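> First, the structure itself, so that you have it in front of you.
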Amino acid sequence: MSERKIKLEKRVFITFDIEAVTGLHIGGSDVKTEIGGVDKTVVRDPLTDRPYIPGSSLKGKMRSLLEKYNNKEINFPPNKPAFHVCQDGTKYADCDICQVFGVSGEKEFATPTRLVVRDSFLSWKSVVDLQKAQTDLPYTEVKTEVSIDRVTSAANPRQMERVPAGVIFGGKDEEGKDQPTELVYSVYSGTNCDAQKDADRLGVIIEGLKLLEDDYLGGLGSRGSGKVRFNGFKVKVLALDPEKGIREIKDFSYSTINDFSTNLTEVQGALK
Ligand SMILES: [Zn+2]
């Protein structure tokens, strides 16, 4: 077996705020349905009881939109395909989505997943605003939707919990410290890795965020929920060298995702 060596060369920290332009429903476990009889609850931080955006929700939605945008084969899991995963090394080598977002299971051809998406928390300002607003449930509104049974014409009301429009995930925490949504993108060299290609692949993330702004995050999107906007991007590029240590080599800021997209090559330039 040939020697396998992978070197972590650079890291890009992308931070921003997420604004809920319409009410946001990211589903919780629905175990606690006794809370006001709500049928569809939102996911909450168990320590603060505040709604949050799990990194997995943001990452999963970006991936799913990119798969469709790039017309990728939806082939996984085998019996009930819901998303795309490259099944062999040749396809994987040319698949930006699998390289950036990762492949499930232990695949011997896989290189490290490039993208980490962290959980995103309510800004302190939104916490205070929502407390003042005395929402239906703590920090959320309850929306009743009535579906009509097409056969019996019986009305079937259902209660959906949503984080109200206008709320910001990110911003500052209770102590006034920045707590933006954070994406961490890693650039590798070595076995089956190419730092130049990783620099180019950064564009996949920008594309994913753009697609998501035109789509929706969480559930009930076709009925109006989940429109989000990304604001206040800060981008930091770090170089990693065991001799010189970990050091920041460049930083950029962009007000919107379109602004970031227009100037993407300057960030990619710092990675090459
Ligand atoms: Zn793939």
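The values are calculated or read from the model by the stated rules, or taken from the named source; none is laboratory data. What you see is a predicted model, and the numbers here were worked out from it, not measured in a lab. We place every Cβ from the backbone using ideal geometry, glycine too, and count neighbours over all the protein chains shown. Surface areas here come from the heavy atoms of the whole protein model, side chains and all, with no ligands, DNA or RNA. Shrake-Rupley method; radii C 1.70, N 1.55, O 1.52, S 1.80 Å.
> Among 196, 134, 159, which is the only one that is in contact with a Gly (Cβ under 9 Å, 6 or more places away or on another chain), open to solvent by 50 Å² or more (accessible area, probe 1.4 Å) and of a type in the set (S, T, N, Q)?
159
> Where the second residue is near the ligand (Cβ under 10 Å from one of its atoms) and hydroxyl-bearing (Ser, Thr, Tyr) and the first is under 19 Å from residue 207 (Cα atoms) and at pLDDT 90 or above and lies in the range 84-113, which pairs have Cβ atoms under 7 Å and are six or more apart or on separate chains?
98/92
> If you don't mind, there's one more thing I want to ask. Just name the residue that is farthest from the ligand (Cβ to nearest atom) out of those in the range 56-93 that are open to solvent by 30 Å² or more (accessible area, probe 1.4 Å) and of a type in the set (Asp, Glu).
88
> So, one more: Quick check on residue 127: is it away from the ligand (no atom under 14 Å from the Cβ), touching a residue at least 40 places away in the same chain (Cβ under 8 Å), under 24 Å from residue 16 (Cα atoms) and among the β-branched types (Val, Ile, Thr)?
Criteria met by residue 127.
> Here's another thing I want to ask about it. Would you be able to say whether some residue in the range 216-224 is within 18 Å of the chain's Cα centre (by Cα), open to solvent by 60 Å² or more (accessible area, probe 1.4 Å) and within 30 Å of residue 145 (Cβ to Cβ)?
yes
> Something else now. Out of (1) more than 22 Å from residue 272 (Cα to Cα); (2) not in a loop (DSSP other than H, G, I, E, B), the odd one out for residue 203 is which?
(1)
> Same structure again: Here are 165, 199: which of them is under 23 Å from residue 261 (Cα atoms) and at pLDDT 95 or above?
Of the residues listed, the single one that is under 23 Å from residue 261 (Cα atoms) and at pLDDT 95 or above is 199.
> Only one of these is buried (at least 17 other Cβ atoms within 10 Å of the Cβ), more than 13 Å from residue 164 (Cβ to Cβ) and away from the ligand (no atom under 13 Å from the Cβ): 117, 100. Name it.
117
> Among residues belonging to the range 250-272 that are touching a residue at least 24 places away in the same chain (Cβ under 8 Å) and not in a helix (DSSP H, G or I), point out the one that is surrounded by the most Cβ atoms within 10 Å (Cβ to Cβ).
Ranking the qualifying residues of the range 250-272, first place goes to 256.
> Looking at the range 24-42 only, could you name the residues that are at pLDDT 80 or above and either open to solvent by 40 Å² or more (accessible area, probe 1.4 Å) or under 17 Å from the mean Cα position of the chain (by Cα) (or both)?
Selection gives 24, 25, 26, 27, 40, 42.
> For residue 212, all conditions in the list (1) on the phi > 0 side of the Ramachandran plot; (2) outside any strand (DSSP E or B) hold save one; what is the number of the exception?
Going through the list (1) on the phi > 0 side of the Ramachandran plot; (2) outside any strand (DSSP E or B), residue 212 breaks only (1).
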